[in-house]
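Here's the structure, in structure tokens; my notes come after.
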Amino acid sequence: MVLDEGMATVLAVIGGSGFYAIPGLNNLEVLSIETPYGLPSSEVLKGQLGNATVLFLARHGKHHEIAPHSINYRANVCALKMAGATHLISLSAVGSMRDSVRPSDVVVVSDFIDLTRKRLSSFFDAGVVAHVAMAPPICPDLARAVSLAATGAGARVHPQGTYVCIEGPQFSTRAESLLYRSWNVDVVGMTAMPEAKLAREAELPYSTIAFVTDYDCWNEAEAKVSVEVVLATLRQNADLAPKIIRELIDKIPNPEFSPAHDALKNAVITDPSHRDAESRARLAWLLGTS
């Protein structure tokens, strides 16, 4: 269901490798936001696009100086929520695990396998315990809207697919790549987790737009994955992501129908009377001050 007329849309976009801005934003503001988890990867750019407010954050920093395993994912998601986000879109460069998913294709991710090991993956790490549901880990309505938008933008679109998230920053070994293929995953990347988990805890409808750049290293008939190969493919499609975002603006679904809506309602186990002052202050942006 498309967002009701009169309901304010604030679409947050996190840009990955090759995506450092959204051209065409009007009334541009630069927001410096400090969160209880530290500073986000970059300042938040805020502007108008059609009838929606758009927030943009560069996941790896303005000059791509932050590696995937060093990103402050909690600060990024928190900053966007604090800036008023109602929906969250992730732009990610990925490798393909299937012959049929070709470089320059777009995969609208429907599920994830999280193989990360060193990342803080929850806002509820001390003082307050919560267990949110992650099935499905994305907002189906938002993913459908993204798929329609990507098709309208001229992309070759796969409307669903499983994304295996590795720790990085190294690319996979061939043995690892072949193992992931045996799991029937569709793409491999380094940044969707714990981003998707944190988006659910922040009650933000979430969808990942995965831009395929290579065949990882399992396909010996194709060029092996490298920074050069990734960036070359992204440059060829530099205008695709902004086109998708522009197409998406009029298709934003009502967040009240998302599995992210009220995700914390029955997920927080710790009774308010047993939450210490430090925990209440740290989580006030999410749980209020009670």
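Within the set Thr151, Thr191, Thr233, the sole residue that is in contact with a Pro (Cβ under 8 Å, 6 or more places away or on another chain), among the polar types (S, T, N, Q) and part of a helix (DSSP H, G or I) turns out to be Thr233. Of everything listed in (1) surrounded by 20 or more Cβ atoms within 10 Å (Cβ to Cβ); (2) within 15 Å of the chain's Cα centre (by Cα); (3) not hydrophobic (A, V, I, L, M, F, W, C), the single unmet condition for Tyr20 is (1). Contact map, region 77-100: first residue over 25 Å from Lys251 (Cβ atoms), second residue charged (D, E, K, R) and part of a loop (DSSP other than H, G, I, E, B), Cβ cut-off under 6 Å, separation 6 or more or different chains; pairs are Gly95/Asp216; Met97/Asp186; Arg98/Asp186.
Each row is one residue, and each column tells you yes or no for (1) free of Cβ contacts under 8 Å to residues at least 40 places away in the same chain; (2) part of a strand (DSSP E or B).
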residue	(1), (2)
Thr208	no, yes
Trp218	no, no
Val229	yes, no
Ala238	no, no
Ile244	no, no
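Scanning region 166-186 for residues being crowded, with 19+ Cβ neighbours inside 10 Å and within 19 Å of Ile71 (Cα to Cα) gives a total of 2.
Quick check: anything in region 66-73 in contact with a Lys or Arg (Cβ under 7 Å, 6 or more places away or on another chain), surrounded by 15 or more Cβ atoms within 10 Å (Cβ to Cβ), part of a loop (DSSP other than H, G, I, E, B) and not β-branched (Val, Ile, Thr)?
no
The residues of region 68-94 that are among the polar types (S, T, N, Q) and over 20 Å from Pro259 (Cβ atoms), listed by number, are Ser70, Asn72, Asn76, Ser92.
Per-residue answers, yes or no, for (1) modelled with pLDDT under 95; (2) within 17 Å of the chain's Cα centre (by Cα):
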position: Tyr163; (1), (2): no, yes
position: Phe171; (1), (2): yes, no
position: Trp183; (1), (2): no, no
position: Val188; (1), (2): no, yes
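Screening the candidates Ala79, Ala85 for the property of being surrounded by 24 or more Cβ atoms within 10 Å (Cβ to Cβ), assigned to a loop (DSSP other than H, G, I, E, B) and out of contact with any helix residue (DSSP H, G or I) (no Cβ under 7 Å at 6 or more places or on another chain) yields one hit, Ala85.
The values are calculated or read from the model by the stated rules, or taken from the named source; none is laboratory data. Quick caveat: nothing in here was measured; it's all calculated off a predicted structure. Note: ideal-geometry Cβ built from the backbone for every residue, glycine included; neighbour counts use all protein chains shown.
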